Amino acid sequence: MGGAVSAGEDNDDLIDNLKEAQYIRTEKVEQAFRAIDRGDYYLDSYRDSAYKDLAWKHGNIHLSAPCIYSEVMEALKLQPGLSFLNLGSGTGYLSTMVGLIIGPFGVNHGVELHRDVVEYAKEKLDAFIKYSDSFDKFEFCEPVFQVGNCLEIAADSHQYDRIYCGAGVQKDHGNYMKVLLKIGGILVMPIEDQLTQITRTGQCTWDSKNILAVSFAPLAQQSRADGDKPDTVHLPPVTVRSLQDLSRIYIRRTLRNLASEDAHAKATAQRIPQKRKRRRCRRRRISTYVFVGNQLIPQTIESEEEQHPEEEHKEAEEEEERDIGDIEVTGGDVPGDPLRRYAQKEST
């Protein structure tokens, strides 16, 4: 199943194609897909095929096509703090993406029939936590994988907000899986070649919606000798986080927010051009006297002088002093006698 979108050159290119084809429609799902490189879950010798929209299988290891995982992630309508159960968790690729969305206060459990696949999933999870640059950008709910048959889960197991089954399910098996779902929860699984979203609306009521035509291998059954009793699967307990865990979560959250704010401030500073420093000017009042006939008529004008940087430190002192102003005599060719008589008159 797959081939709905063009192959990508790398993980980001593949996600771009899935977005363009409307398989990925929400930002949180896009971020989860970009954070985890699909190629990391392939064997090295098969990595060249990782970014094609095709399913891949090698022995017991299996990955669905990217378009299928995209529809599943969108149909689950994941939110922080929800509990999630992956029936047939395989490589852990989907469970790890879910963990990036439901966050540290969610529950993330997976049940896988084959022990070697569970070990493979744990190795890939450990590599993601240790080496991925994306790990520090998210608050993560680490998946817990359990070996066992998902049709043999203990009757007293707790219920989940979201459940996904990654294999073809018969109707009677589907009814069994519905019991594990909380009221208001969502179950996504392939039934009769249709990827189906089932919402539990009440104690005995469900709403179903077909999402996509698919072709899945049927749910595998655990082989056993005749007469052997099937092994009951006890799901991991839901535990309260320790004080040390909570402290680690909040310290990482604080550091992440500080780093994000610092990066945002630097980006903003680069986008805004630096303002040109304006030169400061000082206003001066100048008293002028104009001769009209034999009379001096006072006039006051204001002028602006550019204030040089070396003079700015004197500004405070200058403001405290009263500026009396300068006297400027204008009027062209003024006869000497009237001016002399005016000066003598003033002196007497």
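The values are calculated or read from the model by the stated rules, or taken from the named source; none is laboratory data. All values reported here derive from a predicted model rather than from experimental measurement. Counting neighbours? That spans all protein chains shown, and the Cβs are built from the backbone with ideal geometry, glycine included.
If you take the residues in the stretch 43-77 that are under 27 Å from the mean Cα position of the chain (by Cα) and acidic (Asp, Glu), which one is nearest to residue 189 (Cα to Cα)?
This residue is 71.
Every residue in the stretch 157-202 that is hydrophobic (A, V, I, L, M, F, W, C), under 32 Å from the mean Cα position of the chain (by Cα) and either modelled with pLDDT under 95 or more than 13 Å from residue 76 (Cα to Cα) (or both), please.
Within the stretch 157-202, the first condition is being hydrophobic (A, V, I, L, M, F, W, C), and the residues that meet it are 163, 165, 167, 169, 177, 179-181, 183, 186-189, 191, 195, 198.
Among the residues that remain, those that are also under 32 Å from the mean Cα position of the chain (by Cα) are: 163, 165, 167, 180-181, 183, 186-189, 195, 198.
The answer is 167, 180, 183.
Give the stretch 127-168 a look and list any residue that's aliphatic (A, V, I, L, M), surrounded by 15 or more Cβ atoms within 10 Å (Cβ to Cβ) and in contact with a helix residue (DSSP H, G or I) (Cβ under 7 Å, 6 or more places away or on another chain), or say none.
If the condition is that a residue be aliphatic (A, V, I, L, M), surrounded by 15 or more Cβ atoms within 10 Å (Cβ to Cβ) and in contact with a helix residue (DSSP H, G or I) (Cβ under 7 Å, 6 or more places away or on another chain), then 147, 151, 163 are the ones that fit.
When residues of the stretch 215-245 are filtered for being polar (S, T, N, Q), modelled with pLDDT under 85 and surrounded by 11 or more Cβ atoms within 10 Å (Cβ to Cβ), how many remain?
Residues flagged as polar (S, T, N, Q), modelled with pLDDT under 85 and surrounded by 11 or more Cβ atoms within 10 Å (Cβ to Cβ) within the stretch 215-245 amount to 2.
Could you figure out which of (1) farther than 24 Å from residue 62 by Cα; (2) among the hydrophobic types (A, V, I, L, M, F, W, C); (3) in contact (Cβ under 8 Å) with a residue 24 or more places away in the chain isn't true of residue 155?
Of everything listed in (1) farther than 24 Å from residue 62 by Cα; (2) among the hydrophobic types (A, V, I, L, M, F, W, C); (3) in contact (Cβ under 8 Å) with a residue 24 or more places away in the chain, residue 155 misses just condition (3).
For every residue, the table says whether it meets (1) closer than 24 Å to residue 99 by Cβ; (2) buried (at least 22 other Cβ atoms within 10 Å of the Cβ); (3) in contact (Cβ under 8 Å) with a residue 60 or more places away in the chain.
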site	(1), (2), (3)
11	yes, no, no
26	yes, no, no
30	yes, no, no
35	yes, no, yes
44	no, no, no
56	yes, no, no
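Specify which of the listed residues (61, 15) is crowded, with 17+ Cβ neighbours inside 10 Å, in contact with a Ser or Thr (Cβ under 8 Å, 6 or more places away or on another chain), modelled with pLDDT of 95 or more and of a type in the set (Val, Ile, Thr). Don't jump to the end; show me each part of the working.
Values: 15 fails: in contact with a Ser or Thr (Cβ under 8 Å, 6 or more places away or on another chain).
Of 61, 15, the one residue that is crowded, with 17+ Cβ neighbours inside 10 Å, in contact with a Ser or Thr (Cβ under 8 Å, 6 or more places away or on another chain), modelled with pLDDT of 95 or more and of a type in the set (Val, Ile, Thr) is 61.
Restricting attention to the stretch 169-188, report how many residues are polar (S, T, N, Q) and surrounded by 18 or more Cβ atoms within 10 Å (Cβ to Cβ).
So in the stretch 169-188, the residues polar (S, T, N, Q) come out as 170, 175.
If we keep only those that are surrounded by 18 or more Cβ atoms within 10 Å (Cβ to Cβ) too, we end up with none.
The total comes to 0.
Would you check which residues across the stretch 98-136 are of a type in the set (D, E, K, R), touching a Lys or Arg at 6+ places or on another chain (Cβ under 8 Å) and modelled with pLDDT of 95 or more and list them?
none
Looking only at the stretch 120-158, filter to residues that are of a type in the set (Asp, Glu) and in contact with a strand residue (DSSP E or B) (Cβ under 9 Å, 6 or more places away or on another chain); which one of those is farthest from residue 239 (Cα to Cα)?
Residue satisfying both the conditions and the ranking: 152.
Quick check on my filter: what residues within the stretch 108-123 are of a type in the set (D, E, K, R) and surrounded by 16 or more Cβ atoms within 10 Å (Cβ to Cβ)? Spell out how you get there, then give the answer.
Taking the stretch 108-123 as the starting set, the residues that turn out to be of a type in the set (D, E, K, R) are 112, 115-116, 119, 122-123.
The answer is 112, and nothing else.
Of the residues that make up the stretch 129-144, is at least one in contact (Cβ under 8 Å) with a residue 12 or more places away in the chain, among the acidic types (Asp, Glu) and within 25 Å of residue 221 (Cα to Cα)?
No: the stretch 129-144 contains no residue that is in contact (Cβ under 8 Å) with a residue 12 or more places away in the chain, among the acidic types (Asp, Glu) and within 25 Å of residue 221 (Cα to Cα).
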